[in-house]
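J.: My questions all concern the structure below.
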Amino acid sequence: MPGELTVARADGTSSTLPVDMSLISETVSQVLEHRAGTPDRTVCAAWHRWLSGHVRLLAPIAVEQAPRWDDPQRMRLVEDTAAHAGRMLAAGLPADRHAAYVHLQELARECRGLLGLVLDQPGDGR
């Protein structure tokens, strides 16, 4: 069952969205988990679909609420992270299984970064 995420909107308001942060965290952990071998192409494709959905959900939220921090460096970090993740999604999953796994690990780290940026909201004392 998805949890709720309160999003700080750029216009100063906030809204609540159904976002399963636990599922996103579990996906990232699963992809980044240490393993002896490289997952097969079917597993990589499934992970790519999951991470793509998570990134497409989180990136616009992070970008929209970033101006509320009133911090140009933070805004640049959010925009750069979202842009890099977007380029990774546009590139797609490499055909080579080993390259695909490396791509997924990098995408998982970007997803984890976006999740952190979304959860660390202005004015919450963090």
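The values are calculated or read from the model by the stated rules, or taken from the named source; none is laboratory data. The model shown is predicted, which means the values in this text are computed figures rather than measured ones. Reconstructed Cβ throughout: ideal geometry from the backbone, glycine too, with neighbour counts over all protein chains shown. SASA here: full protein model, heavy atoms, side chains in, ligands and nucleic acids out. Shrake-Rupley method; radii C 1.70, N 1.55, O 1.52, S 1.80 Å.
J.: What are the pairs with Cβ atoms under 6 angstrom where one residue, in region 13-36, is within 14 Å of Trp47 (Cβ to Cβ) and part of a loop (DSSP other than H, G, I, E, B) and the other, located anywhere, is open to solvent by 80 Å² or more (accessible area, probe 1.4 Å) and among the hydrophobic types (A, V, I, L, M, F, W, C)? Sequence gap at least six, or different chains.
T.: No pair meets every condition.
For every residue, the table says whether it meets (1) aliphatic (A, V, I, L, M); (2) on the phi > 0 side of the Ramachandran plot; (3) in contact with a helix residue (DSSP H, G or I) (Cβ under 9 Å, 6 or more places away or on another chain); (4) part of a helix (DSSP H, G or I).
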| residue | (1), (2), (3), (4) |
| --- | --- |
| Leu51 | yes, no, yes, yes |
| His54 | no, no, yes, yes |
| Leu57 | yes, no, yes, yes |
| Glu64 | no, no, no, yes |
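J.: Are there any pairs, at least 6 apart or on different chains, whose C-beta atoms fall under 8 Å, with the first in region 70-94 and over 24 Å from Val43 (Cβ atoms) and the second aromatic (Phe, Trp, Tyr), and if so, which?
T.: From residues that are over 24 Å from Val43 (Cβ atoms), the pairs are Met75/Trp69.
J.: Which one is most open to solvent (accessible area, probe 1.4 Å), of the residues in region 25-84 that are among the aliphatic types (A, V, I, L, M) and over 18 Å from Gly113 (Cα atoms)?
T.: Residue satisfying both the conditions and the ranking: Ala36.
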